[in-house]
1. Among the residues of segment 262-285, how many are out of contact with any Lys or Arg (no Cβ under 7 Å at 6 or more places or on another chain) and either surrounded by 20 or more Cβ atoms within 10 Å (Cβ to Cβ) or at pLDDT 90 or above (or both)?
2. Test ILE56 against the stated conditions and say whether it is at pLDDT 85 or above and buried (at least 19 other Cβ atoms within 10 Å of the Cβ).
3. Please verify whether segment 190-210 includes one or more residues that are open to solvent by less than 50 Å² (accessible area, probe 1.4 Å), modelled with pLDDT of 90 or more and of a type in the set (Asp, Glu).
4. For segment 60-78, how many residues meet the condition of being outside any strand (DSSP E or B) and either without any contact (Cβ under 8 Å) to a residue 60 or more places away in the chain or surrounded by fewer than 17 Cβ atoms within 10 Å (Cβ to Cβ) (or both)?
5. Note down all Cβ pairs under 8 Å where the first residue falls in segment 233-255 and is farther than 16 Å from LEU23 by Cβ and in contact (Cβ under 8 Å) with a residue 40 or more places away in the chain, the second is buried (at least 21 other Cβ atoms within 10 Å of the Cβ) and among the polar types (S, T, N, Q), and they're at least six residues apart or on different chains.
6. Residue under question is GLU281, and the condition is that it be in contact with a strand residue (DSSP E or B) (Cβ under 6 Å, 6 or more places away or on another chain) and not aromatic (Phe, Trp, Tyr); does it hold?
7. Mind counting the residues in segment 230-254 that are farther than 19 Å from HIS154 by Cα, touching a Leu at 6+ places or on another chain (Cβ under 9 Å) and in a strand (DSSP E or B)?
8. Restricting attention to segment 111-134, does a residue exist that is of a type outside the set (Phe, Trp, Tyr), in contact with a Leu (Cβ under 7 Å, 6 or more places away or on another chain) and under 23 Å from CYS199 (Cβ atoms)?
Amino acid sequence: MLNDSPRDLDSHYDSNFIDSLNLQTPSSLKNLLCPFKQHASSVYLYSSCRGLVFAIFNNGRGIIAWHIWNPSTGFFKKLPDPDVKDFPVFTGFGYISATDDYKALIANSKLEKGEKPRIRIYSSKSNSWKRIQDSQYSVLSRTAVGTLLNEAFHWLERFCVVIVAFDLAGEEFRTMPLPVVEDHFAGDYFRHLGDFGGCLCVFGQADTNAGSMDLWVMREYDAGNSWTKLFNLKLSNQPEQIYHVNPIFVMETSTFLEVHTKSESGAKLVRSYHKEEKFEEIRVDRQSMIGYEESLLWLE
């Protein structure tokens, strides 16, 4: 199902408030008080699922606490200490419908040379973390937050050879194929994953100065021969070096992306239309952005 009421959440270094922007009507902005943020600290928003946000509170010297927060209601839950004080190399947050269980994944960031990422899983049912088998895969740093689809997280593998997936119910890693791109080296081309109406999608960019990106969609889940390049998304009217792009929401007619360029110090939120060579810059100079849909859900 395509998202029909998406919002963008933006955090700030110097404020206890989080901006909540209605992406359909960008003039409609809410300032939400973050209930667990303290003075001289930062809140990093990682991902959202069913209206709940997975976030960390950091005082500049290390992670203080992990939280699940509903910005719509103000509900928040401080999670037990997973004994990880540094930023993770990759994460994920999702829901298992059969067991009514929210799960979060963090991979330890302090890795010795050749050491596999150490994985911890949080379960809302048990309200506890546990270590599981270390991951044999490393993921691309710019895709550190897993794309949730079919009750599994998805990341680009470090060298963009495959997609790394993690099944929430079985708590096991596996791989999935990427599109075959004959004209480009996969490691330089693929940039990020997303969810296009319940289908996994991947963004490709052959030239970081081109001001546009390709959008590929996997029509049938885990079927490599079902990848189709649908659109070329315009991001700029002039050649400029784009060094990071993060999809916020992929909708039926357009995609909202967090875009970082060499010419600007902060991030900007860009809406690129699928069937037109047209884009809009919605906002600029944000710390971090995630896509979000409002709900009244909470956890015990």
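1. 6
2. Yes, satisfied.
3. Looking for residues that are open to solvent by less than 50 Å² (accessible area, probe 1.4 Å), modelled with pLDDT of 90 or more and of a type in the set (Asp, Glu), one finds none in segment 190-210, hence no.
4. Within segment 60-78, residues that are outside any strand (DSSP E or B) and either without any contact (Cβ under 8 Å) to a residue 60 or more places away in the chain or surrounded by fewer than 17 Cβ atoms within 10 Å (Cβ to Cβ) (or both) number 6.
5. LYS234/SER272; LEU235/SER272; VAL245/GLN205
6. Criteria met by GLU281.
7. Going through segment 230-254 one residue at a time, the tally reaches 6.
8. Looking through segment 111-134, none of the residues is of a type outside the set (Phe, Trp, Tyr), in contact with a Leu (Cβ under 7 Å, 6 or more places away or on another chain) and under 23 Å from CYS199 (Cβ atoms).
The values are calculated or read from the model by the stated rules, or taken from the named source; none is laboratory data. Source: prediction; values computed, not measured. Using ideal geometry, Cβ is built from the backbone for each residue, glycine included, and neighbour counts are taken over all protein chains shown. Heavy atoms of the whole protein, side chains included, go into the accessibility calculation; ligands, DNA and RNA do not. Shrake-Rupley method; radii C 1.70, N 1.55, O 1.52, S 1.80 Å.
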